[in-house]
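Participant: Got a structure for you, questions after.
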Amino acid sequence: MTEVSSLTGRLLVAAPALSDPNFDRTVVLLLDHDEEGSLGVILNRPTPVGVGDILASWAGLTGEPGVVFQGGPVSLDSALGVAVVPGDEEPFPGPRHRPGRGEPVGWRRVHGAIGLVDLETPPELLAPALGALRIFAGYSGWGPGQLESELAEGAWYVVESEPGDVSSPHPEKLWRAVLRRQRSELAMIATYPDDPSLN
């Protein structure tokens, strides 16, 4: 088996030709990627369900829009928290943090300032460290080699993530915004019409 170069922390941006309706015009943050497969959450699929309707204790810590996002088609009955903890280079002092780890209790770094939240943790322990929080129902998953095949077929563009992507207040504009900021021909794809037949 060939070694898989990790794409953890990067974004998968759906190519306009991607025909799977689960991923049409999506931006997926990869939370894990190795030879055993990949796992991520869709950053631009808000649902009409308010965070307060299912996780009332976390509702005050989520940004706008204060709704649950559909992270993907897998395990839609499970919740996943993704948060940005600013100043990720600095250790976090005080008793609410794990000694020697430099990370707040209830948060595990995925990439840079982005990490996963243990939603069983009392929110007040994590609140002082959080810069942004988003709650996802379900996730996107790929088995071993599956994502690599889709990449080879041109279904996805792989680009760098920015901490603000997790908490974009305008998720409906994220697909175009991420493409537009690329310093390559990908920036032109941002102008691709929603319905190619209208072109």
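Per-residue answers, yes or no, for (1) loosely packed, with under 15 Cβ neighbours inside 10 Å; (2) of a type in the set (Asp, Glu); (3) under 14 Å from the mean Cα position of the chain (by Cα); (4) at positive phi:
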| site | (1), (2), (3), (4) |
| --- | --- |
| Asn44 | no, no, yes, no |
| Val51 | no, no, no, no |
| Leu55 | no, no, no, no |
| Gly60 | yes, no, no, no |
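Participant: Going by what's in this entry, would Gly102 be described as over 18 Å from the mean Cα position of the chain (by Cα), touching a residue at least 12 places away in the same chain (Cβ under 8 Å) and closer than 30 Å to Ala59 by Cβ?
Facilitator: Yes; evaluated as a whole, the condition is true for this residue.
Participant: Please count how many residues of the range 9-42 are within 14 Å of the chain's Cα centre (by Cα), closer than 21 Å to Gln182 by Cα and open to solvent by 30 Å² or more (accessible area, probe 1.4 Å).
Facilitator: Number of matching residues: 1.
Participant: Have a look at Val117, Val159 and point out the one that is touching a Gly at 6+ places or on another chain (Cβ under 7 Å) and open to solvent by less than 60 Å² (accessible area, probe 1.4 Å).
Facilitator: Val117
Participant: Residues of the range 62-72 being modelled with pLDDT of 95 or more and open to solvent by 50 Å² or more (accessible area, probe 1.4 Å), which ones?
Facilitator: Gln70
Participant: Cβ-Cβ distance below 9 Å, separation of 6 or more or different chains: which pairs start in the range 141-152 with a residue that is assigned to a strand (DSSP E or B) and end on one that is open to solvent by 30 Å² or more (accessible area, probe 1.4 Å) and among the small types (Gly, Ala, Ser)?
Facilitator: Pairs found: Gly141/Ser75; Trp142/Ser149.
Yes or no, residue by residue, for (1) assigned to a strand (DSSP E or B); (2) of a type in the set (S, T, N, Q):
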| position | (1), (2) |
| --- | --- |
| Val13 | yes, no |
| Ser19 | no, yes |
| Arg25 | no, no |
| Leu29 | yes, no |
| His33 | yes, no |
| Val41 | yes, no |
| Asn44 | no, yes |
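Participant: Being without any contact (Cβ under 8 Å) to a residue 40 or more places away in the chain and open to solvent by less than 20 Å² (accessible area, probe 1.4 Å) is the requirement here; does Trp175 meet it?
Facilitator: For Trp175, the condition - without any contact (Cβ under 8 Å) to a residue 40 or more places away in the chain and open to solvent by less than 20 Å² (accessible area, probe 1.4 Å) - is not met.
Participant: With respect to Gly138, is the statement that it is open to solvent by 20 Å² or more (accessible area, probe 1.4 Å) and not acidic (Asp, Glu) true?
Facilitator: Taking the combined requirement at face value, the residue does not satisfy it.
The values are calculated or read from the model by the stated rules, or taken from the named source; none is laboratory data. None of these values were measured; they are calculated from a predicted model. Note that we place each Cβ from the backbone using ideal geometry, even for glycine, and neighbour counts take in every protein chain shown. Heads up: the accessible areas ignore ligands, DNA and RNA and are worked out on the full protein's heavy atoms, side chains in. Shrake-Rupley method; radii C 1.70, N 1.55, O 1.52, S 1.80 Å.
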